[in-house]
Amino acid sequence: MDKAVDLTCIGGCFGPSRKPTEFLCLTLKLLQLQPDRQMLDVLVDQKDFKYLRALALLYFRLTQPSVEIYQKLEPLYADYRKLRSKNMTGTYEIVHIDEFVDSLLRENKVCFITLPGITKRMALEDAGQLAPRISPLDDESESDSTDN
Amino acid sequence: MEKQQKGRPMTTSSTKLRRYFPGKAPAPEVGNFSSSESEDDQKDAEVKLGAQQIAIAKVMTRPTTTTITMESQSRTGSESEDDERELLRARLRARQLAAEEHSSNSSSDSDSNSNSVHRRRAALRQIQQKKREQQSEEPGTSVTCSSEPGSTSELETTDSDDGYGLEMMAKPIYVPKAQRKTVGLAGETSAKEGLVPKHEMQKWDRQDASVRIAASEARRMREEPQADPQDPMTVDDTDDVDVDAEIDAWRQRETARVERDGKEKEAVEREEAEHARVRGMAEEDRDAEGIDRARCQREEKARKRAAFYEPAAAQDDVADPDPDARLTQVMLDYAKQRLQPRKGNSKARGLWAEDTSLHEPRSRRFG
C-alpha cells in the first residue's frame, strides 16, 4: 500500500522490451492479495491519493459485476484531476480521471490489459437493473435553475 | 570320326569334356596326346605336368595374405618367412617347368586346355620376372640370394612394393573407422552428418541461434543509450493550478460524452422503430419495398462497376436526355461481356446467373 501511495504515473508497458510500469505491477499484486469489498470501496472512495484511486478503479473494473461497475465508476465522471500516464514509447502525458473512467467503461484494452466483457448500459436499463444516467452537468443546471 | 553315341554331343576330338568350376584349375588331360609322341616323351610330359599341377595347386591354395604384407597384420616372423620361402620355391619350379615345356612343346599344337593355360601363365611369369629384375636394379631395394640344394636360386626381396602377383587381387582387410587415415569425400562434415542424426543437428542449430539472439539482445540493451528516461516531473500533474480552466475543460469533455451517449441512444431507437414499422406493414407492401430496395442496390453497384470499366460513361452527360437508356446500354454491354464464357471456366454452365427476374441475383459476382 505504501508503494501504491508513492505512485507517480499510470500505464501498462513501455519501451522496446515491454517493461511493465509500477502501476501494472501493483495491479497484479492486488489481484494476488484479493482485498475484500469493503477495503475496495474505501480505496475507491478516498480522494487523497489519486493514483491509488486509479489503481483501485482498475481492480474494480477487473473483478466486479457489470451493474456494480456502472454504479461505482460513473459518479467519478465528476473528478477532473490530472493523472500522469506513461505510454508505449516511455513518454508521459496528462490524462484526467474522468477520461480514465470513461476508457474503463467503454474500451476493451486499458493499460496493456484486456478488460473482461461488460454488459451495455442500455441493455441493463432495458432490463431495469440500472437507472438512466444523470450527468453532473445536468445536476448543475438543475441546481442553477432551482437557485434562480 | 567317332561314332556319335546317344545322348552325347558329337566331337571331333577324343577329349573328354569337363565342366568348368570358377576358381578351380582344370585337370590336364593325361593320356590323350597324339600317337606320334613316344612313350618316354609322354612320361616326361606327365611328370612335368604333375609337378606343374602341384606347384599351381600350392600357389592357388596358399592364402593370399601371405603373399602381400600388410602393416596391420600381426604374424610371427619365422612362420611367415618359411611360408614365403616354400611359396617362392614352388613358383620358381612351376616357372621353370613351364619354360621347359614351352620350349619343347612349341611345335606340337595340343588341343588340351591345360597346356594352353600353362603356357600363358609361363609367359606372364616371365614378364613379371623381368619387371622384378628391373626393380631390383633400382636403388633402395635390398635383394638377397640364397641357394639351397636341389633348388634353384631364389630371390628374396624386402621391398614392400614387390608383389608376387599371379594375377591375384589383394584381399580387402577391414580397418576400423577410428584407425582410418583417409579423408572423407566431402570432408569431415559428411562424416559428422552421418554420425549425428539430422534432427539433432537442427536442434543444436536452433539452440545456437536462440543463444545468439539472446546475447545480441542483451548487448543491445546494455549499449543503447539509456534512452534518456524522461523525468516524470517534467509533466506536471498538479491540480487546481487554474481551476476555471480545468472546470471548463471538464465541462467540454462531459458535454461531448453526453452528446455521444445521446446519439447512440437515438440510433438504437431509430433502428427499433424501423423494425416495428416493417413488422407492422402488410406482406405485399413489405415485398414491394424489398424489391425496390434490391433494385436500387443493384443499380448502384452496376453504376460503380461501369464507372470502373468506362469512366467516361460515369460522367454526367448534359446532352443526353435519357440517362437511364445509357445506363441500360452499359448494363447490357456488361451482361454480354459476362455471357462470353472464359477459357476453361467450368462454372459457366448456363444463363442462370444472368437471370434478373429474381429479387436477388443468384450469382455472387453480381451481388
Legend entry - Residues located in segment B:289-325, provided they are modelled with pLDDT of 70 or more and over 28 Å from B:ARG338 (Cβ atoms): B:GLU289
Inset, instruction - Return the only residue of A:THR91, A:THR63 being out of contact with any helix residue (DSSP H, G or I) (no Cβ under 7 Å at 6 or more places or on another chain), more than 14 Å from chain B (Cβ to nearest Cβ) and either hydroxyl-bearing (Ser, Thr, Tyr) or surrounded by 20 or more Cβ atoms within 10 Å (Cβ to Cβ) (or both). - result: A:THR63
Legend entry - Inter-residue pairs, beta-carbon under 9 Å, first away from chain B (no Cβ under 14 Å) and closer than 20 Å to B:MET221 by Cβ and in segment A:1-18, second of a type outside the set (S, T, N, Q) and assigned to a loop (DSSP other than H, G, I, E, B), 6+ apart: A:GLY12/A:ARG18; A:GLY12/A:MET88; A:GLY12/A:CYS111; A:GLY12/A:PHE112; A:CYS13/A:MET88; A:CYS13/A:CYS111; A:CYS13/A:PHE112
Legend entry - B:GLU193 being assigned to a loop (DSSP other than H, G, I, E, B) and at pLDDT below 85: no
Legend entry - Among the residues listed as B:ASP228, B:ASP239, the single one being over 60 Å from the mean Cα position of the chain (by Cα), modelled with pLDDT under 90 and not aliphatic (A, V, I, L, M): B:ASP239
Inset, instruction - Quick one: which residue in A:LEU104, A:LEU130, A:LEU73, A:LEU124 is within 14 Å of chain B (Cβ to nearest Cβ), in a helix (DSSP H, G or I) and over 16 Å from the mean Cα position of the chain (by Cα)? - result: A:LEU124
Inset, instruction - With respect to A:ARG81, determine if the residue is at pLDDT 90 or above, within 12 Å of chain B (Cβ to nearest Cβ) and surrounded by 12 or more Cβ atoms within 10 Å (Cβ to Cβ). - result: yes
Inset, instruction - Check A:LEU57 against each of (1) surrounded by 14 or more Cβ atoms within 10 Å (Cβ to Cβ); (2) free of Cβ contacts under 8 Å to residues at least 60 places away in the same chain; (3) within 14 Å of chain B (Cβ to nearest Cβ) and name the one condition it does not meet. - result: (3)
Inset, instruction - Output the residues belonging to segment A:78-101 that are free of Cβ contacts under 8 Å to residues at least 60 places away in the same chain, assigned to a helix (DSSP H, G or I) and out of contact with any Lys or Arg (no Cβ under 6 Å at 6 or more places or on another chain). - result: A:ALA78, A:ASP98, A:GLU99, A:VAL101
Legend entry - Members of segment B:230-260 found to be acidic (Asp, Glu), closer than 20 Å to A:VAL101 by Cβ and either assigned to a loop (DSSP other than H, G, I, E, B) or more than 7 Å from chain A (Cβ to nearest Cβ) (or both), listed by number: B:ASP237, B:ASP239, B:ASP240, B:ASP248, B:GLU259
Legend entry - Selected residue (criterion: surrounded by the most Cβ atoms within 10 Å (Cβ to Cβ)) from residues of segment A:94-114 that are over 19 Å from A:LEU7 (Cα atoms) and in contact with a strand residue (DSSP E or B) (Cβ under 7 Å, 6 or more places away or on another chain): A:LEU104
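For (1) surrounded by fewer than 11 Cβ atoms within 10 Å (Cβ to Cβ); (2) without any contact (Cβ under 8 Å) to a residue 40 or more places away in the chain, each residue gets a yes or a no:
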position: B:GLN252; (1), (2): yes, yes
position: B:GLU259; (1), (2): yes, yes
position: B:VAL268; (1), (2): no, yes
position: B:ALA273; (1), (2): yes, yes
position: B:ARG286; (1), (2): no, yes
position: B:GLY290; (1), (2): no, no
position: B:ALA302; (1), (2): no, yes
position: B:ARG305; (1), (2): no, yes
position: B:TYR309; (1), (2): no, yes
Inset, instruction - With respect to A:ASP45, determine if the residue is more than 14 Å from every other protein chain (Cβ to nearest Cβ), under 12 Å from the mean Cα position of the chain (by Cα) and either under 22 Å from B:ARG253 (Cβ atoms) or surrounded by fewer than 16 Cβ atoms within 10 Å (Cβ to Cβ) (or both). - result: yes
Inset, instruction - Select, from B:ARG295, B:ARG222, the only residue that is part of a helix (DSSP H, G or I), surrounded by 12 or more Cβ atoms within 10 Å (Cβ to Cβ) and more than 9 Å from chain A (Cβ to nearest Cβ). - result: B:ARG295
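The values are calculated or read from the model by the stated rules, or taken from the named source; none is laboratory data. Treat the numbers as computed from the prediction; the structure is a model and nothing was measured. Heads up, the Cβs are rebuilt from the backbone with ideal geometry, glycines too, and the neighbour counts pull from every protein chain shown.
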